[in-house]
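Report on one structure; see the data block that follows.
Taken together, the values in this text are just the output of simple stated rules run on the coordinates, not laboratory data. Just so we're clear, the structure is a prediction, and the values are computed from it rather than from any experiment. With ideal geometry, Cβ positions are generated from the backbone for all residues, glycine too; neighbour counts draw on all protein chains shown.
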Amino acid sequence: MLIGHGWDLHQHSDSKTLILGGVSFEEYGFEGHSDGDILLHALCDALLGATGKKDLGHYFPSDASTPKDIPSTKILSEILLVIEYEKFTLINVDITIITQKFNVQEKEKKIKENLSKQLGIPLEKINIKGKSSDDYGIIGDQKASLAIVSLLLDNA
Ligand SMILES: [Zn+2]
């Protein structure tokens, strides 16, 4: 068994559309060189961590070598190839989104469905929780939001 952990924080944007867990929502999202999908970036780092690879920035640096506005679903597909995902069984994924900018609960179902498809695992293996920062700091001020992902891979 291999445990993986990843997190990602992006600044909120007043122009870019919210993309979270590979799903597009009709509200403002995040600044970033890519689409700013904090959930998928944290997930990629958790997968890379569990399999002993380098961090996401090594494979997709935030500069001209990574295509501008690249969809993070494409980044995740590439990372699944990097870690040779087909050799593992993903036991479960536990996701926490810390935000005071948008409602996590009302997005949870769509995101789970998309992740279930992209990762090839049943819906019930994916958990998504929303949290606030108690009105404190950059998250409480709605300037940024944070995603934290833990997962377990079986390499048997
Ligand atoms: Zn990111």
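Quick look at the values:
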| item | result |
| --- | --- |
| Long-range Cα-Cα pairs in the chain (distance over 27 Å), rounded percent | 18 percent |
| C-alpha long axis of helix 72-82 to longest principal axis of the chain, angle in ° | 20 degrees |
| Antiparallel DSSP beta bridges within the range 2-154, as percent of all bridges there, nearest 5 | 80 percent |
| Built amide H within the under 5 Å cut-off of His12, gap 5+ | Glu31, Ala144, Ser145 |
| 10 Å Cβ shell holding at most 12 others, DSSP loop, trypsin sites (Lys or Arg not before Pro): longest site-free stretch of the chain | 69-142 |
| Per-residue HN-Hα couplings for the range 20-29 [Karplus 6.51, -1.76, 1.60; θ = phi - 60°; Hz; x = Gly/Pro] | 9, x, x, 10, 8, 10, 7, 7, 6, x |
| Rounded Å value of the spacing that divides the Cα centres of the range 1-56 and the range 78-101 | 10 Å |
| Cα lying deepest toward the dipole's positive end in the chain, options Gly57, Ser15, Asn127, charges on Cβ | Asn127 |
| Cβ charges +1 (Lys, Arg) and -1 (Asp, Glu), total dipole of the chain, debye | 280 debye |
| Given charges at beta-carbon only (K, R positive; D, E negative), |dipole| of the range 94-156 in Debye | 220 debye |
| Helix axis angle, 108-119 relative to the chain longest principal axis, alpha carbon, degrees | 30 degrees |
| Cα coordinate range in the range 94-144, projected on the principal axes (Å, largest first) | 37, 15, 15 |
